[in-house]
1. Normalise the Cα radius of gyration of the range 8-57 by 2.2 N^0.38 Å (N = residues in it) and let me know the number.
2. Between 9, 19, 29, whose Cα lies farthest towards the positive end of the dipole of the range 8-57 when Lys and Arg beta carbons carry +1 and Asp and Glu beta carbons carry -1, centred on the Cα centre?
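Values quoted throughout were computed directly from the atomic coordinates according to the rules given, and no laboratory measurement underlies them. Please read all numbers here as calculations on a predicted model, not as lab measurements. Positions of Cβ are generated from backbone atoms using ideal geometry, with glycine treated the same way; all protein chains shown enter the neighbour counts.
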Amino acid sequence: MKDGSEDPMALKAEAERLLTETKAHGDQSLAEELEEILIDLTFSVEEAKCRCHMANRCRC
C-alpha cells in the first residue's frame with residue numbers, strides 16, 4: 001500500500017489467504033505478522049466506509 005492505489009479489501013482477502021496457508025505450514029512468526037497486518041487492514045477498511053446519510057446507496 002505504498003502508493004495508496006491498492007484496494008484494502010483485496011489486500012485483506014489476500015492476507016487472510018496467506019494467513020491460512022501459513023498456519024497450515026506451522027510458521028508461527030509469519031502468522032503473527034500477518035495477523036497484525038489483517039488488524040491494520042480491518043481498521044483501514046472501517047475508516048474508509050462512508051458514514052453519510054445515504055448509507056448503502058452512497059457514492060462518496
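1. Cα-based Rg divided by the globular estimate yields 1.44.
2. Checking the options against the dipole of the range 8-57, the answer is 9.
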